[in-house]
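One structure coming up, written as structure tokens, with questions to follow.
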């Protein structure tokens with residue numbers, strides 16, 4: 001008879017080993033894939049810049065996958081995604097430059 005494991009919650013992450021999750025591998029793969037695609041835009045004589053770009057792309061991939069200290073439940077790419085998409089522009093009021101000018 002097969003044994004089925006019941007996860008403690010619905011949004012449980014798939015863990016490979018240690019603290020490496022499927023989501024981590026997917027984000028690393030996507031960022032590195034995008035870096036390799038953009039790397040083709042460099043001319044052949046700029047090989048030094050290509051290596052620097054690859055290094056920066058790898059560092060960006062690792063940074064996006066880290067969990068911030070202030071919000072350990074989310075990863076950096078999730079926080080950036082929430083900041084970009086969940087803006088509520090009705091909560092912010094734009095003031096004119098001269099609205100608080102006391103020289104009037």
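The values are calculated or read from the model by the stated rules, or taken from the named source; none is laboratory data. What you are looking at is a predicted structure, and each value in this text was computed from that prediction instead of being measured. Glycine gets a Cβ as well: all are built from the backbone with ideal geometry, and neighbour counts include every protein chain shown.
Find the residue count for region 42-84, including only residues that are over 21 Å from residue 13 (Cβ atoms) and more than 13 Å from the chain's Cα centre (by Cα).
Matching residues across region 42-84 total 15.
Conditions tested, residue by residue: (1) touching a residue at least 60 places away in the same chain (Cβ under 8 Å); (2) surrounded by 11 or more Cβ atoms within 10 Å (Cβ to Cβ); (3) farther than 26 Å from residue 82 by Cα.
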site	(1), (2), (3)
25	no, yes, no
33	no, yes, no
42	no, yes, yes
47	no, no, yes
64	no, yes, no
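For region 32-41, check the following and say yes or no: at least one residue is modelled with pLDDT of 75 or more, under 18 Å from the mean Cα position of the chain (by Cα) and not in a helix (DSSP H, G or I).
The answer is no, given that none of the residues of region 32-41 is modelled with pLDDT of 75 or more, under 18 Å from the mean Cα position of the chain (by Cα) and not in a helix (DSSP H, G or I).
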